[in-house]
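The values are calculated or read from the model by the stated rules, or taken from the named source; none is laboratory data. What you see is a predicted model; the values in this text were computed from it and never measured. In this analysis, Cβ positions are derived from the backbone assuming ideal geometry, glycine residues included, and neighbour counts consider all displayed protein chains. The area values use the complete protein model at the heavy-atom level, side chains included, leaving out ligands, DNA and RNA. Shrake-Rupley method; radii C 1.70, N 1.55, O 1.52, S 1.80 Å.
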Amino acid sequence: MRLMRLAFARYVVAVAVDAPVWAVWGTKIAVILLLLLLAAAGSPGRYRTFILIGLLASAVGDLIFLVPGDLFLAGVACFLVAHICYIAAFTPG
């Protein structure tokens with residue numbers, strides 16, 4: 001958990017000081033990868049599966065928004081899939 005906080009703090013600092021693009025990308029991707037690893041370490045089941053798929057969809061959405069081009073709707077679609085997965089993860093049953 002300390003590693004997660006450190007990665008997130010580096011991302012915030014990179015954005016705040018107007019760091020080079022590679023620094024912002026690297027820290028943003030590192031935070032998502034750490035979240036994926038943390039979720040993957042949980043006990044197997046429906047909840048973990050939907051959280052992992054949601055985090056993966058969020059990571060793809062972040063990457064799409066970082067790449068220059070007209071991919072806004074694709075990024076929004078990734079975040080839509082992620083939110084549907086999160087809803088499914090927290091829905092009982």
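Values as computed for the structure displayed
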read-out: For PHE90, solvent-accessible area (1.4 Å; no DNA, RNA or ligand), Å²; value: 140
read-out: Sites ARG5 and THR91, calculated FRET efficiency, Cβ-Cβ separation with R0 25 Å, nearest 0.05; value: 0.30
read-out: Per residue value of the accessible surface for segment 33-88 (all protein chains in place, 1.4 Å probe), Å²; value: 62
read-out: Pairwise Cα inverse-distance average, inverted: Kirkwood Rh of segment 37-77 (Å); value: 11.3
